[in-house]
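Before any comments, here is the structure.
Throughout, read-outs are computed from the coordinates displayed, never taken from laboratory work. Everything numeric in this text was worked out from a predicted model, so none of it was measured. A quick note on method: Cβ atoms are made from the backbone with ideal geometry, for glycine too, and the neighbour counts reach across all protein chains shown.
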Amino acid sequence: MKKYSLKINGNQYEVKVDEVNEASTEARVVVNGIKYNVEIEGATARATSKPAVVAAPAATGLSVKPVTPIASKPAAAPAAGAGTKVTCPLPGTVISINVKEGESVSAGQTLVVLEAMKMENNIDAEKAGVVKSINVQAGATVMEGEVLLVIE
């Protein structure tokens, strides 16, 4: 296992490469505590050696394409068009979840408190509705764009 500390677009990421499949271009990595199976772009499968991890050029940033996230708790996937997804605006850690599934919420109500860059950030409801599903738990590390909960 190799460990890396990466700074991408001003955000700090702790990355551990757990396992590299020698017969394909996939690797198992842990980014800020979340496990992923990723495909190494530009690599070719070799049966005899592991793909080399090459540093990305400083000017372009790192391109890692998640193939399959490995979640300890499967997230409830809402049907297409069902409800409003509340997404994470920046990477961080969920401090608290202030609502429960089935609870009515009003526009502007704080749903989740997220710690990011040593600051607490309130994630508020954009509209009134009922909480259909909660996809994270307190203490979880979340990435930008990840669906935190769904409001109908």
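Quick look at the values:
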quantity	calculated
Label point distance in nm, residue 118-residue 98, each placed 7 Å from Cα along Cα→Cβ	2.4 nm
Restraint check, 16/132; 16/118; 2/35; 16/100; 3/118, Cα-Cα greater than 25 Å	16/132; 16/100
Simple Cβ-charge dipole of the range 84-151, Lys/Arg +1 and Asp/Glu -1, about Cα centre, in debye nearest 20	120 debye
